[in-house]
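Below is one structure, written out as structure tokens, with a few remarks after it.
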Amino acid sequence: MPMTDGILNLDKPSGPTSHDVVDQVRALTGVRRVGHAGTLDPLATGVLLVCIGRATRVAEYLMSGRKRYRARVRLGITTDTYDAEGQVVAETEVEVSRDQVAAALSQFRGAISQLPPVYSAVKRKGTPLHRLARRGARIERRSLEARPVEIFHLELTEWQPPECTLEISCSSGTYVRALAHDLGQALGCGAHLTGLTRLASGKFRLEDSVTLEELSDAAAGGRWPELLHPIDAALTRFPALHLDADAARRLCSGQAVKAQERDPTERQPGGRDGAAHLARVYGPGGTFLAIAAYDPATDVWRPRKVFAAQNAAHHQRAP
């Protein structure tokens, strides 16, 4: 039987929303349980991770991964949405040099506090800000709560005034639109985002992605499951925990298992520093079964999310 639960590394085109893409994947695959891990604005292109079937349960782990982008920024023009889809609110002559832009980037590297854009999915009293803004509500950006984000890498790679291109590696939750806007404010000329490509999300890279056209062709031939990455591909940053058949059966039925019941040749995941460590759990046949959390107080592994039925945990297939 082909795998129909997994992660699709999709190259999102410019234009549709991330939700639109999810709807297209549903239509092409015939699977209703589909979601994405990490929204891309309609303007943006590149890596959109689409979770299909049981893989929707690991979307949170995919979303928390580091992101890498190529951003095109237009200096001298400020828009209300901080990108090219918004209304122009200010225009200024651009009288800055490449060196000045490069120098201004230094204040945005590392751990910073970032105010989200007014046009964003951040909620106020349960309603996304972008909906409130489009209804005419007056929202001051400075009234919003700043969020801690981290910019691991930020480099000016092209300078074609009044436009420039940035290469960015950042933590989850970073608004590149806000970064472009804030750069313009720091330079005193304003700026907005004119193009954005997500080059990578965690371990998933743009060069390994598939287009909607490729997915459509594969679906027409019944081959779309071949494009999926396995569920545990979202969990590679967690150590592997290998259990024997009896311990695997008990964990998959909701019971805790003693830490020493792991395969003795395996390194103990997470250590014993009192933190709640996670591991991806496998049975003796190499089948991915679950996510487990280590409880240092009792020295046991407790199931966090189970993906295999009890009988699957007991009767392992050959690797």
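The values are calculated or read from the model by the stated rules, or taken from the named source; none is laboratory data. Computed from a predicted structure; not experimentally measured. Positions of Cβ are generated from backbone atoms using ideal geometry, with glycine treated the same way; all protein chains shown enter the neighbour counts. Keep in mind that these areas ignore ligands, DNA and RNA; they rest on the heavy atoms of the full protein, side chains included. Shrake-Rupley method; radii C 1.70, N 1.55, O 1.52, S 1.80 Å.
Summary of computed values
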item	result
Exposure rank, largest accessible area first [LEU8, LEU278; 1.4 Å]	LEU278, LEU8
Radius, Kirkwood style, for the range 195-265 when every pair of distinct Cα atoms is counted (Å)	15.9
Solvent-accessible surface (1.4 angstrom probe) belonging to SER171, in square angstrom, nearest 10	30
Alpha carbon centroid spacing (whole Å) that separates the range 159-208 from the range 69-102	11
Accessible heavy-atom area order of LYS67, LYS203, highest first, probe of 1.4 Å	LYS203, LYS67
Label-point separation in nm, LYS258 to THR4, each point 7 Å along Cα→Cβ	4.2
Extended-chain gain in nm, criterion 0.36 nm per residue less alpha-carbon gap, ALA84 and THR236	51.1 nm
Label-point separation, GLU60 to ARG223 (7 Å along Cα→Cβ), nm	3.7
Area projected by the alpha carbon convex hull of the range 1-92, averaged over all directions, nm²	7.1
Theoretical gain in end-to-end length, ALA102 to LEU43 [0.36 nm per residue, Cα-Cα removed]	18.7 nm
Stretch gain in nm, segment GLU155-SER113, where the contour uses 0.36 nm per residue and the Cα spacing is subtracted	13.2 nm
Cβ-derived FRET efficiency at R0 25 Å, SER216 paired with ARG32, nearest 0.05	0.85
Surface accessible to a 1.4 Å probe, LYS12 within the full protein complex, Å²	0
